[in-house]
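Q: Below: one structure in structure tokens.
The values are calculated or read from the model by the stated rules, or taken from the named source; none is laboratory data. All figures in this text were calculated on a predicted structure; none of them were measured in a lab. FYI the Cβ positions are ideal-geometry reconstructions off the backbone, even for glycines, and counts take in every protein chain you see. In case anyone asks, the SASA skips ligands and DNA or RNA and just uses the protein heavy atoms, side chains included. Shrake-Rupley method; radii C 1.70, N 1.55, O 1.52, S 1.80 Å.
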Amino acid sequence: DSRSVRFLMNKAFTKELDTLGGACPRCGSSGKTVADETLRAFARPDRADDVARPAYFCDVASCPVVYFDDFERTLTADDLTRPIWPKNPAAPVCGCFDFHVREIDSDLAEGTVSRTKQAVARSNGPEARCLLHSPDGRSCAEAIQRYYFKNRPGPST
């Protein structure tokens with residue numbers, strides 16, 4: 001009957017969306033689901049509702065897309081209220097504590113890890129407000145560590 005057909009069509013449509021979800025329409029990378037509070041904290045008020053929920057964050061630095069949805073609607077850096085890392089290398093990697101990669105670079109140049117270690121500890125601490133200060137709504141500890149280890153000098157040969 002027509003109700004069965006509608007149910008099957010709805011199931012098929014839902015299944016199709018499941019396979020599409022989370023892939024950036026520009027670069028194809030897997031996105032990270034972001035909370036509505038995070039999206040609203042970063043998107044210009046006139047653009048926050050231009051992507052459906054769930055919305056995703058693309059963390060590929062070279063990709064112009066910042067947020068996107070399952071229908072391939074996107075927000076770029078121009079649609080945000082402030083610059084974000086890694087899209088803008090001058091933006092703080094940790095928005096909660098205004099910690100920049102230049103501080104990690106200083107640790108690397110000096111052969112220390114003190115600033116980086118302190119930033120990771122603070123970003124996992126109770127004062128962190130990642131939901132509102134991190135563009136993906138998560139702790140920046142992983143991004144800080146990834147940057148440090150990626151840029152750390154290797155053993156000399």
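Q: Between the stretch 43-115 and the stretch 129-157, how many Å separate their Cα centres?
A: Comparing the Cα centres of the stretch 43-115 and the stretch 129-157, I get a distance of 12 Å.
Q: Okay, next question. For Asp59, what accessible area in Å² do you get when you roll a 1.4 Å probe over the heavy atoms of the protein chains, rounding to the nearest 10?
A: Using a 1.4 Å probe on the heavy atoms, I get roughly 50 Å².
Q: Can I ask one more? If amide H atoms are built 1.01 Å from N in the plane of the peptide, which residues on other chains or at least 5 residues away come under 5 Å of the amide H of Gly31?
A: Placed amide hydrogens put Ala23, Cys24 under 5 Å from Gly31.
Q: Still on this structure, I have one more. With charges set only on the Cβ (+1 for Lys and Arg, -1 for Asp and Glu), what does the dipole of the chain come to about its Cα centre, in debye to the nearest 20?
A: Numbers: 22 positive and 22 negative charges, 51 e Å.
Dipole size: approximately 240 debye.
Q: What accessible area per residue comes out for the stretch 35-142, rounded to a whole number of Å², with a 1.4 Å probe? Don't jump to the answer; show the numbers that get you there.
A: Working: 5410 Å² over 108 residues.
Using a 1.4 Å probe on heavy atoms only, each residue of the stretch 35-142 averages 50 Å².
Q: Using modelled amide H (1.01 Å from N, peptide plane; none on Pro or chain starts), what sits under 5 Å from the amide H of Cys94, excluding residues fewer than 5 places away?
A: Those lying under 5 Å, H to H, from Cys94 are Phe99.
Q: While we're here: Using a 1.4 angstrom probe on heavy atoms only, work out the carbon and sulfur share of the accessible area of the chain in %. Spell out each step's value before the answer.
A: Values: 5000 of 9480 Å².
C and S atoms contribute 53 percent here.
Q: Could I ask something else about it? If amide hydrogens are placed 1.01 Å from N in the peptide plane, which non-local residues have theirs closer than 5 Å to the one on Leu80?
A: Here Arg44 satisfy the definition.
Q: Further question on the same structure: By the 4.7 Å beta carbon criterion, which cysteine residues of the chain come out unpaired?
A: Cys96, Cys130
Q: Shifting gears a bit: Rounded to the nearest angstrom and ordered from largest down, what semi-axes does the equivalent ellipsoid of the chain get from its C-alpha gyration tensor (root of 5λ)? Each step should come with its number before you reach the end.
A: Numbers: eigenvalues 265, 58, 39 Å².
Whole-Å semi-axes of the equivalent ellipsoid: 36, 17, 14.
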